[in-house]
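Written below as structure tokens is the structure these notes are about.
The values are calculated or read from the model by the stated rules, or taken from the named source; none is laboratory data. None of these values were measured; they are calculated from a predicted model. Ideal geometry is used to build each Cβ from the backbone, glycine not excepted, and the neighbour counts take in all protein chains shown.
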Amino acid sequence: MLKPDELVAIDIHTHAEVSCWNPFDNYGEEFDRAADKYFRSSRRPTIAETVEYYRERKIGLVMFTVDAEAQMGRRRIPNEEIAEAAKNNSDTLIAFASIDPHKGKMGAREARRLIEEHGVRGFKFHPTVQGFHPWDRMAWPIYEVIEEYGLPAIFHSGHSGIGSGMRCGGGLKLEYSNPMHLDEVAAHFGSMQIVIAHPSWPWQDEALSVAMHKPNVWIDLSGWSPKYFPPQLVQYANTLLKDRMLFGSDYPLITPERWMKDFDEAGFRPEVKPLILKDNAARLLGLGGRAEG
């Protein structure tokens, strides 16, 4: 298990980019090329390479893939592959799973199996890439399992670099990732800890409003350099939401070194920085007390 006292920080948002179990799936590779151009990065480390990178820097990490098989038609990286890596590197890595919400009750069965047999510690959803509104009842059987086991769920929010610049945005719809769609989920699943991922441009105020209104809602600060954060996000992170803001990088798109360097210069109060870098994540993940909403 991760020991927060031995870590500099806990990165709540990193991606598995390469499977060592499955052969490479080049279907829809045009999305990768467009993303490389948008993010100005083509790094795709293996899970093992990522773990060693973080271990060397004494940073714990949460890792997941995104299962969007229904809309994208691309084979996902196995959740079990990430879970096995977490078991073998429990000092550094925590595994979250991703299940396409279109799998409904079968997805709920998979969620239960991954929790009970593989020890996953949370779940990741990407409404734009998966093609669903978070409040859609088809996803609720999966949410019910997540809530039953007291685990957190991370939801992508705001603009998506995936599809950016492609004809018709690759057919992906940004509106699915308006964080206001999470308000109904947070109201119905009051014991499920919900993490709104990223500065939610162009809906930052909506994200702050939902988090202010629903105490089971958190915000992770991944995907942007802190020097570009909207001023109201920094303001709320320094004050009313300081206990529910989380460090995330979106690695490998942004490195933790770059994020943390810019974080030091972005106007965050000294007493708030340890909460965001590590303490809040430790509570959310059950490493230092129970996360309560």
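Pairs under 7 Å by beta carbon, first residue under 19 Å from I12 (Cα atoms) and in contact (Cβ under 8 Å) with a residue 12 or more places away in the chain in segment 69-97, partner outside any helix (DSSP H, G or I) and of a type in the set (F, W, Y), six or more apart or different chains?
E81/W21; I82/F64; F96/F64; F96/F123; A97/F64; A97/F123
Is it the case that segment 281-293 has a residue that's under 22 Å from Y149 (Cβ atoms), in contact with an Asp or Glu (Cβ under 8 Å, 6 or more places away or on another chain), modelled with pLDDT under 95 and not charged (D, E, K, R)?
yes
Could you figure out which of (1) buried (at least 19 other Cβ atoms within 10 Å of the Cβ); (2) out of contact with any strand residue (DSSP E or B) (no Cβ under 7 Å at 6 or more places or on another chain); (3) not acidic (D, E) isn't true of R244?
Only one criterion is unmet by R244, namely (2).
Return the residues of segment 235-271 that are within 16 Å of the chain's Cα centre (by Cα), touching a residue at least 12 places away in the same chain (Cβ under 8 Å) and in a loop (DSSP other than H, G, I, E, B); say none if nothing qualifies.
Here is the first cut: in segment 235-271, the ones within 16 Å of the chain's Cα centre (by Cα) are 244-256, 259.
Applying the additional criterion that residues be touching a residue at least 12 places away in the same chain (Cβ under 8 Å) yields 244-254, 256, 259.
If the condition is that a residue be within 16 Å of the chain's Cα centre (by Cα), touching a residue at least 12 places away in the same chain (Cβ under 8 Å) and in a loop (DSSP other than H, G, I, E, B), then F247, G248, S249, D250, P252, L253, I254 are the ones that fit.
Does segment 125-136 include one or more residues that are in contact (Cβ under 8 Å) with a residue 40 or more places away in the chain, aliphatic (A, V, I, L, M), in contact with a Leu (Cβ under 7 Å, 6 or more places away or on another chain) and more than 20 Å from K214 (Cα to Cα)? Please lay out each step first, then the result.
Quick first cut of segment 125-136, residues in contact (Cβ under 8 Å) with a residue 40 or more places away in the chain only: 126-135.
Now narrow it down to the ones that are aliphatic (A, V, I, L, M): 129.
Then keep just the ones that are in contact with a Leu (Cβ under 7 Å, 6 or more places away or on another chain); that gives 129.
From the residues that got through so far, the ones that are more than 20 Å from K214 (Cα to Cα) too are 129.
Yes, segment 125-136 contains a residue that is in contact (Cβ under 8 Å) with a residue 40 or more places away in the chain, aliphatic (A, V, I, L, M), in contact with a Leu (Cβ under 7 Å, 6 or more places away or on another chain) and more than 20 Å from K214 (Cα to Cα).
Filter segment 100-109 down to residues that are among the basic types (K, R) and either touching a residue at least 60 places away in the same chain (Cβ under 8 Å) or surrounded by fewer than 19 Cβ atoms within 10 Å (Cβ to Cβ) (or both), then give me how many there are.
Taking segment 100-109 and keeping what is among the basic types (K, R), we get 103, 105, 109.
Adding the requirement that they be either touching a residue at least 60 places away in the same chain (Cβ under 8 Å) or surrounded by fewer than 19 Cβ atoms within 10 Å (Cβ to Cβ) (or both) leaves 105, 109.
Number of matching residues: 2.
Give just the number: which of (1) surrounded by fewer than 24 Cβ atoms within 10 Å (Cβ to Cβ); (2) under 23 Å from E17 (Cβ atoms); (3) under 19 Å from the mean Cα position of the chain (by Cα) does D91 not satisfy?
Unmet for D91, out of (1) surrounded by fewer than 24 Cβ atoms within 10 Å (Cβ to Cβ); (2) under 23 Å from E17 (Cβ atoms); (3) under 19 Å from the mean Cα position of the chain (by Cα): (3).
Pick out, from segment 123-234, the helices (runs of 4 or more DSSP H) lying fully within it that include 1 or more residues that are surrounded by fewer than 21 Cβ atoms within 10 Å (Cβ to Cβ), at pLDDT 95 or above and out of contact with any Lys or Arg (no Cβ under 8 Å at 6 or more places or on another chain).
140-148, 182-188, 204-213
For the subset of segment 140-171 comprising residues that are aliphatic (A, V, I, L, M) and touching a residue at least 60 places away in the same chain (Cβ under 8 Å), which member is nearest to M72 (Cα to Cα)? Spell out how you get there, then give the answer.
Taking segment 140-171 and keeping what is aliphatic (A, V, I, L, M), we get 142, 145-146, 151, 153-154, 162, 166.
When the remaining residues are screened for being touching a residue at least 60 places away in the same chain (Cβ under 8 Å), the result is 154, 162, 166.
Values: I154: 20, I162: 11, M166: 14 Å.
Step by step, filter segment 140-171, then rank; the result is I162.
Given the options R40, R55, R44, R75, name the one that is over 17 Å from the mean Cα position of the chain (by Cα) and at positive phi. Give the derivation first.
Details: R55 fails: at positive phi; R44 fails: at positive phi; R75 fails: at positive phi.
The conditions single out R40.
A97 - would you say it is surrounded by fewer than 21 Cβ atoms within 10 Å (Cβ to Cβ), small (G, A, S) and touching a His at 6+ places or on another chain (Cβ under 9 Å)?
No: the conditions fail for A97.
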